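The block underneath contains the structure these notes are about, expressed in structure tokens.
Each reported figure results from applying straightforward, stated rules to the coordinates on display, with no laboratory input. The structure presented is a predicted model; accordingly, all values stated were derived computationally and were not measured. Neighbour counts run over all protein chains shown; Cβ positions are idealised from the backbone, glycine included.
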Amino acid sequence: RVPVSLPGGLLERLRGAARPEGATLYMVAGGAFQVLLSRYAATDHVVVGTPVAARTRRETEGLIGFFVNTLALRTDLSGDPELREVLRRVREATLGAWEHQELPFDRLVAELRPERSPGHSPVVQVMFALRDADPAPEGPDRLRSRRVDADPGTTRYDLALELAVRPDCIAGALEYSTDLFERGTVLRMLV
């Protein structure tokens, strides 16, 4: 794991880039990550997984349990698009995937029947997550919580970029498979 920290000034510039395109900060950051991956992999089509809460129905709001699902976002970056076009494509791919967020990832894998290998996850080998770091409101009738970072010592994906928006910056970590990447390569990705 390599820590990532983007200064607050960049945070506001990223938000500013998103607004005219009807995009979100998530789409801008995810798009930048996908462009980086496209360049490193020398490919025009990038597939990145992202976790979603999968609680879109009113009936599930009161249920206790883990409802996270993985969405596969496939973005076409062919033709060396400029920033506005990248954002348009990422926005389209993201909104399209969110429309189908209730489809369980396991069912997607079963339908696609990709070639399976114990060495990597099917369909998605790279994950991206951007979350709001604001803690849940606390009060006398609310459950109190705190985030605990746990390092399992291994990664499920080739690369996983997890970022959190904080009041003054974006911070997180880039997790990588040491079987595929050297630490120096990952550090260069972040420059």
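Numbers for the structure displayed
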| quantity | calculated |
| --- | --- |
| Packing rank of 99-110, 24-35, where each peptide gets the mean count of other beta carbons within 10 Å, highest leading | 24-35, 99-110 |
| Charge tally in the Cβ shell below 11 Å around ALA23, where Lys, Arg are +1 and Asp, Glu are -1, ALA23 excluded | +4 |
| Largest-first principal axis extents, alpha carbons of the stretch 65-112, Å | 41, 23, 14 |
